[in-house]
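Some notes on the structure that comes next.
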C-alpha cells in the first residue's frame, strides 16, 4: 500500500471516529433527564370546576428506566413513593395513568429518585375560577389563566364552556 493511500485511510479513520464521538456527545447533551410539573386546570372533565390539578412528565431518561417518585400536595398530603418506568424514548407522562385533584390551592412538589440522581420540581397551582366581573379587572384575569379580561368576564357571565 502506498504512503498516500495509508495516509488517506488514517485520515478517514480519524474523521469517522471524531464524527462518532461528536454525535454521541451531542446526543447525550440533549438527553438530560428532566422532571416537569405544570398546572393542569380543567384537564379532567369529571373533576368539579376549580379543582387544583398538576401534571408530571419525565423526559430525557434512558429507555425503560425505573424511577421512584413522590408527590407532595398542598395541605400536607402526599403520594408515594411509587415506581414508574419510562418508555422506549425515555419518557413518562402522568396523563397516561390518571390525574389527582385537590380543592386546596398551593405548591405541588414532585421528587424523582433514580440511579443517576434525584430531581425535584415544584409549581404553585390555583385553579379557582372567578365568580364576579370585579375579579377579572386590574389584570385579575391573569390569575385565572384567561387570555384577556373579556374572556374572563364572559366566563363569569355564562359559566364554563361545555
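The values are calculated or read from the model by the stated rules, or taken from the named source; none is laboratory data. Bear in mind the structure is a predicted one, so any value in this text is a computation, not a measurement. Glycine gets a Cβ as well: all are built from the backbone with ideal geometry, and neighbour counts include every protein chain shown.
Residue check: is residue 40 within 13 Å of the chain's Cα centre (by Cα), at pLDDT below 95 and more than 18 Å from residue 119 (Cα to Cα)?
Yes; evaluated as a whole, the condition is true for this residue.
May I ask you to list the residues in segment 66-94 that are touching a strand residue (DSSP E or B) at 6+ places or on another chain (Cβ under 6 Å) and in a loop (DSSP other than H, G, I, E, B)?
73, 86, 91
Does residue 93 satisfy the condition of being closer than 28 Å to residue 146 by Cα and modelled with pLDDT of 85 or more?
Yes; evaluated as a whole, the condition is true for this residue.
Residues that are in a loop (DSSP other than H, G, I, E, B) and at pLDDT below 90: does segment 108-121 have at least one?
Within segment 108-121, none of the residues are in a loop (DSSP other than H, G, I, E, B) and at pLDDT below 90.
Which ones in segment 48-65 are outside any strand (DSSP E or B) and touching a residue at least 60 places away in the same chain (Cβ under 8 Å)?
49, 50, 51
Among residues belonging to segment 136-150 that are outside any loop (DSSP other than H, G, I, E, B) and at pLDDT 90 or above, point out the one that is surrounded by the most Cβ atoms within 10 Å (Cβ to Cβ).
136
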